[in-house]
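The values are calculated or read from the model by the stated rules, or taken from the named source; none is laboratory data. Since the model is a prediction, treat every value here as computed from it, not as a measurement. Cβ: placed from backbone, ideal geometry, glycine included. Neighbour counts: every protein chain shown. Quick note on the areas: whole protein, heavy atoms, side chains included, nothing else; ligands and nucleic acids left out. Shrake-Rupley method; radii C 1.70, N 1.55, O 1.52, S 1.80 Å.
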Amino acid sequence: MTAAQTNSTLAAHIRALREHFDSVILPMWMEQGFNGALGLPFESLDSASGAPLPATRYRAMACARQLYVFSEAQGAAAARHADTLFESLRRVFRDEKHGGWRYSVDAEGRPLDETQDLYTHAFVVLACAAYFRRSRNADARKLMLATASAIEARFKTTDSLYHAALSADLDQPLRPPAQNPMMHLTEAYLAAAQVAEPALFAQRLRSLAQGISHRFVHAPTQCISEERQGTAGNRLEPGHQFEWLSLVQGSAPVFEGLDLAESLPRAVQWSRSHGVDEGGVVASLDESGAVIDDTRRIWAQTEYLRVLAVQGDLPALAAGLAAFRSRFLHPGGWYECLDAGGKVVRPDMPSTSPYHLATCLSALPDVV
């Protein structure tokens, strides 16, 4: 295929993916995917019918991800929906007694899990930054800064890492530092730096990046492991290598000269060699490159497409988009998880997945 043919094919796939997102996925979460009585997105919809599955809980993280999606989406309807989600986020999930954010509420909106979770806090920062850029609502910026301050005061460890979870009163560590929450904290602080105190957030980001390099990078592969190096049964997730590189390369001046900026391209190369095949991106590998979990999750596929766009590998991106559209999308939405042979192994559509489609789409126009 010539370069012109590749570009034409790629542009067609990007237009089709964006059309599916705008005409199917966004309306779904403003309509049947939204519980108007509580002002919250349902946790999950049936992939076949699009109907909401019976609610047992609502998570702050899911609400924040939806707030991010609709803050980034175009149009007045999306803006109004973002307004609603922001008000619901702080009304339902803000822990006014201790500060911070409760993890979840029950089906009636009553507090369920009061754990203070770093993953949740990171997405609140990200969503508030995106919502402030969209709405210029000063309360969003204020809440973003207050949440970031709580993270630094309560979650941060002495070795530049962050506890994954704390008790409800923010006094007791419940889970040790883990890769995934800190990756999303990196994403959140990058977004926060666009709307407030860029030098301060850059300092925090560089410190966190160094902590990751010292404690989580597996030297033979240069991949970032899910748990601290030396943890028994540790694993490497190709999708997270792709996600990390997209974040770091997209904000190169912040990470300039750091070990992480040098190791991630090698981690991505290794992950493409060991963790991607004709069926897509596998869920996880051990440190030798053997497959631990062969499930093909939609988020890992979108992160693969995103990193191909960031790296400018247009032939691979065109082929990857074609495969992604044929395997993971259907007229009523998407398939969340497939096995290696393409069989659907999870029959629902979680409210958290449109966030991954949105971040993927945000990278694609730059390569057309």
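Scanning the range 197-254 for residues that are open to solvent by 60 Å² or more (accessible area, probe 1.4 Å) and small (G, A, S), we see that the one that is nearest to Q311 (Cα to Cα) is G250. Of the residues in the range 24-38, at least one is of a type outside the set (D, E, K, R), within 29 Å of A146 (Cβ to Cβ), part of a helix (DSSP H, G or I) and open to solvent by 40 Å² or more (accessible area, probe 1.4 Å).
One residue stands out among those in the range 300-351 that are within 22 Å of T2 (Cβ to Cβ) and out of contact with any helix residue (DSSP H, G or I) (no Cβ under 8 Å at 6 or more places or on another chain): the one that is least open to solvent (accessible area, probe 1.4 Å), which is A323.
The criterion of at least 2 residues that are closer than 28 Å to A55 by Cβ and aliphatic (A, V, I, L, M) is met by the following helices (runs of 4 or more DSSP H) wholly inside the range 291-368: 298-311, 353-363.
Of the residues that make up the range 182-205, is at least one touching a helix residue (DSSP H, G or I) at 6+ places or on another chain (Cβ under 8 Å), touching a residue at least 12 places away in the same chain (Cβ under 8 Å) and more than 25 Å from A130 (Cα to Cα)? Looking through the range 182-205, none of the residues is touching a helix residue (DSSP H, G or I) at 6+ places or on another chain (Cβ under 8 Å), touching a residue at least 12 places away in the same chain (Cβ under 8 Å) and more than 25 Å from A130 (Cα to Cα).
Scanning the range 120-144 for residues that are hydroxyl-bearing (S, T, Y) and open to solvent by less than 20 Å² (accessible area, probe 1.4 Å) yields T120, Y131. Among the residues of the range 223-239, how many are assigned to a loop (DSSP other than H, G, I, E, B), touching an Asp or Glu at 6+ places or on another chain (Cβ under 7 Å) and farther than 14 Å from P181 by Cβ? Number of matching residues: 2.
Quick grid of which residues meet (1) part of a loop (DSSP other than H, G, I, E, B); (2) over 20 Å from the mean Cα position of the chain (by Cα):
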| residue | (1), (2) |
| --- | --- |
| L260 | no, no |
| S263 | no, yes |
| R266 | no, yes |
| S271 | no, no |
| S288 | yes, yes |
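For the range 108-119, the condition of being under 17 Å from Q66 (Cα atoms), open to solvent by less than 20 Å² (accessible area, probe 1.4 Å), out of contact with any Gly (no Cβ under 7 Å at 6 or more places or on another chain) and in contact (Cβ under 8 Å) with a residue 40 or more places away in the chain holds for none of the residues.
Cβ-Cβ contacts under 8 Å between residues 6 or more apart (or on different chains), taken from a first residue in the range 63-91 that is more than 14 Å from A130 (Cα to Cα) and surrounded by fewer than 24 Cβ atoms within 10 Å (Cβ to Cβ) to a second residue that is modelled with pLDDT of 95 or more and small (G, A, S), are listed as T84/G39; E87/G39; S88/G39; R91/G39.
Mind telling me which of the residues A138, A122, A129 ends up being over 17 Å from Q66 (Cα atoms) and modelled with pLDDT of 95 or more? So the residue among A138, A122, A129 that is over 17 Å from Q66 (Cα atoms) and modelled with pLDDT of 95 or more is A138. Of all residues in the range 255-268, those satisfying the criterion of being farther than 16 Å from T186 by Cα and open to solvent by 10 Å² or more (accessible area, probe 1.4 Å) are G257, E262, P265, R266.
Put simply, of Y355, Y335 the only residue that is in contact with a strand residue (DSSP E or B) (Cβ under 6 Å, 6 or more places away or on another chain) and either among the hydroxyl-bearing types (S, T, Y) or within 20 Å of S23 (Cβ to Cβ) (or both) is Y335. Listed by first and then second residue, the pairs linking a residue in the range 210-226 that is closer than 10 Å to L236 by Cβ to a residue that is modelled with pLDDT of 95 or more and in a loop (DSSP other than H, G, I, E, B), with Cβ atoms under 6 Å apart and 6 or more places separating them unless they lie on different chains, are H218/S225; H218/E287; I224/F216; S225/F216; S225/N234; E226/R235. Restricting T186, T157 to those that are surrounded by fewer than 22 Cβ atoms within 10 Å (Cβ to Cβ) and under 20 Å from T120 (Cβ atoms) reduces the list to T157. The residue that is farthest from E96 (Cα to Cα), among those in the range 133-155 that are over 21 Å from the mean Cα position of the chain (by Cα) and among the basic types (K, R), is R136.
The requirement of being over 18 Å from the mean Cα position of the chain (by Cα) and in a loop (DSSP other than H, G, I, E, B) is fulfilled somewhere in the range 70-82, by at least one residue.
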